[in-house]
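Taking it in order: structure first as structure tokens, then the write-up.
The values are calculated or read from the model by the stated rules, or taken from the named source; none is laboratory data. Keep in mind the model is a prediction, meaning the values are calculated, not measured. All Cβ positions, glycine included, derive from the backbone under ideal geometry; neighbour counts span all protein chains shown.
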Ligand SMILES: NC(=O)c1ccc[n+]([C@@H]2O[C@H](COP(=O)([O-])OP(=O)(O)OC[C@H]3O[C@@H](n4cnc5c(N)ncnc54)[C@H](O)[C@@H]3O)[C@@H](O)[C@H]2O)c1
Ligand SMILES: [Fe+2]
């Protein structure tokens, strides 16, 4: 029996937007997946149980022969397998529904996600909605969840260790961050040779995503000693390695460093949450088709300025926290204001170095379209689960001023 795709799409579309995990009141740190990393790490696939496997990936991974590295090991281990390779960047509800149909049809014992955040997130959403659908039909103890293996090819989203999945509702023009512990993979395989085909622009975008994860995780109200440790190390590695990697994308050591930083930042933010930068990036990314890491890179300096109460912004809610992070990253200055200014400038200088635009106007968003969309963009940003985790409450007036500066590229680090 094949489930009707329209039915599946409706189930996903009508799912609550920011479900969380429901009722968890204890503070905890999830470090769930078993991590295999380094040169021979793919051989972990040779140890899989002999149950049918599905590989979920994107068309590039098939065309480039990357997926064959997975399937050859499955074949070597005599594991029957199916490839679902329809994942597009920023995967849609429709794609998740199509993949879910394949899962219902094939009934795999193992599901392997191969690709960037898009392939891993789509797989998470498929598995999540598969479990939700089944839980409406039978008692939880009778539901079998396939083993879930994530193999990231970007450095990156950290999705291989997080409980988040971001899927796009193209009808509404929004990105929906889903969050549930059942979406954390059981195993992550980190083989850095997978990132060697990334072009410099993608290295920069995905690396700036790592930096944003680390900074937002560190200043989050949910941050704790464990998340802070991973966030600081991820930010430290990124500041040291990303410029060098951008200069030579084949530099193996730097690629390995960024791969580790990406997973560390994932471990930090999956436990502490993110913040306003991701709330805005989800909205403008979906609305104006800006890749996720690039959107974060453009927005990050403005959000640090806002949260630290610098320039035109007057509420220094998270200033001490940014300053503390700056000190841990080795920055030195006379006071917290100067340290926060250095943080803003660091994020801005990296954008310039990586040839990433520093305003939304420079991302080719037409002015009349942007200001026409302002009210609904503000609604979407306020609705986003990441915005709700920001260290400072945000209202419509704040967002209007921030988005206006962001569009025009007005970053007032040193007011007159
Ligand atoms: N789940 C999470 O915790 C989390 C966190 C941040 C972002 N996200 C989401 O992840 C998505 C972005 O993921 P991403 O930045 O990893 O990119 P992506 O998965 O969207 O991939 C972008 C493009 O890069 C290509 N690509 C991927 N790896 C490659 C490689 N090694 N060589 C050459 N090309 C390669 C892909 O084929 C694709 O065309 C967004 O939808 C974002 O919202 C999720
Ligand atoms: Fe991100």
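The rows are residues; the columns are (1) part of a helix (DSSP H, G or I); (2) closer than 30 Å to residue 26 by Cβ; (3) within 11 Å of ligand 2 (Cβ to nearest atom); (4) outside the structural domain of residue 181 (by TED's automatic domain parsing).
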{"position": "268", "(1), (2), (3), (4)": "yes, yes, no, yes"}
{"position": "271", "(1), (2), (3), (4)": "yes, yes, no, yes"}
{"position": "274", "(1), (2), (3), (4)": "no, yes, yes, yes"}
{"position": "287", "(1), (2), (3), (4)": "yes, no, no, yes"}
{"position": "298", "(1), (2), (3), (4)": "yes, no, no, yes"}
{"position": "301", "(1), (2), (3), (4)": "yes, no, no, yes"}
{"position": "304", "(1), (2), (3), (4)": "yes, no, no, yes"}
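Scan the stretch 104-116 for residues that are surrounded by fewer than 21 Cβ atoms within 10 Å (Cβ to Cβ), touching a strand residue (DSSP E or B) at 6+ places or on another chain (Cβ under 8 Å) and not in a loop (DSSP other than H, G, I, E, B) and report the count.
The total comes to 1.
Could you list all residues from the stretch 78-117 that are more than 16 Å from ligand 1 (Cβ to nearest atom), free of Cβ contacts under 8 Å to residues at least 60 places away in the same chain and within 21 Å of residue 145 (Cβ to Cβ)?
Answer for the stretch 78-117, where residues must be more than 16 Å from ligand 1 (Cβ to nearest atom), free of Cβ contacts under 8 Å to residues at least 60 places away in the same chain and within 21 Å of residue 145 (Cβ to Cβ): 79, 80, 81, 82, 102, 103, 106, 107, 108.
Does residue 84 satisfy the criteria of being within 18 Å of residue 185 (Cβ to Cβ), outside the structural domain of residue 291 (by TED's automatic domain parsing), in contact with a strand residue (DSSP E or B) (Cβ under 6 Å, 6 or more places away or on another chain) and more than 16 Å from ligand 2 (Cβ to nearest atom)?
Here the answer is yes, as residue 84 does meet what is asked.
Tell me, yes or no, whether the stretch 298-310 has at least one residue that is within 16 Å of ligand 1 (Cβ to nearest atom), buried (at least 22 other Cβ atoms within 10 Å of the Cβ) and more than 16 Å from residue 391 (Cβ to Cβ). Even if it seems obvious, please write down each step before you answer.
Kept after step one, since they are within 16 Å of ligand 1 (Cβ to nearest atom), are these residues of the stretch 298-310: 298-300, 303.
Pick out the ones that are also buried (at least 22 other Cβ atoms within 10 Å of the Cβ) and you get 298-300, 303.
Checking the rest, the ones that are also more than 16 Å from residue 391 (Cβ to Cβ) come to 298.
Yes; the residues of the stretch 298-310 include at least one that is within 16 Å of ligand 1 (Cβ to nearest atom), buried (at least 22 other Cβ atoms within 10 Å of the Cβ) and more than 16 Å from residue 391 (Cβ to Cβ).
Quick one: would you say residue 347 is touching a helix residue (DSSP H, G or I) at 6+ places or on another chain (Cβ under 9 Å) and surrounded by fewer than 18 Cβ atoms within 10 Å (Cβ to Cβ)? Spell out how you get there, then give the answer.
Numbers: touching a helix residue (DSSP H, G or I) at 6+ places or on another chain (Cβ under 9 Å): yes; surrounded by fewer than 18 Cβ atoms within 10 Å (Cβ to Cβ): no.
Here the answer is no, as residue 347 does not meet what is asked.
Can residue 280 be described as outside any helix (DSSP H, G or I), more than 17 Å from residue 239 (Cα to Cα) and within 13 Å of ligand 2 (Cβ to nearest atom)?
Numbers: outside any helix (DSSP H, G or I): no; more than 17 Å from residue 239 (Cα to Cα): yes; within 13 Å of ligand 2 (Cβ to nearest atom): yes.
No; evaluated as a whole, the condition is false for this residue.
Kindly indicate whether any position in the stretch 50-73 is within 16 Å of ligand 2 (Cβ to nearest atom), within 16 Å of residue 183 (Cβ to Cβ), buried (at least 20 other Cβ atoms within 10 Å of the Cβ) and in contact (Cβ under 8 Å) with a residue 24 or more places away in the chain. Outline the logic, then answer.
Step one: of the stretch 50-73, the residues within 16 Å of ligand 2 (Cβ to nearest atom) are none.
No, the stretch 50-73 contains no residue that is within 16 Å of ligand 2 (Cβ to nearest atom), within 16 Å of residue 183 (Cβ to Cβ), buried (at least 20 other Cβ atoms within 10 Å of the Cβ) and in contact (Cβ under 8 Å) with a residue 24 or more places away in the chain.
Where in the stretch 318-416 are there helices (runs of 4 or more DSSP H), lying fully within it, with 1 or more residues that are at pLDDT below 95 and touching a strand residue (DSSP E or B) at 6+ places or on another chain (Cβ under 6 Å)?
Here the list reads 385-388.
Take residue 91 and decide whether it is over 29 Å from residue 198 (Cα atoms) and buried (at least 17 other Cβ atoms within 10 Å of the Cβ). So that I can check it myself, show each step before the final result.
Numbers: over 29 Å from residue 198 (Cα atoms): no; buried (at least 17 other Cβ atoms within 10 Å of the Cβ): yes.
For residue 91, the condition - over 29 Å from residue 198 (Cα atoms) and buried (at least 17 other Cβ atoms within 10 Å of the Cβ) - is not met.
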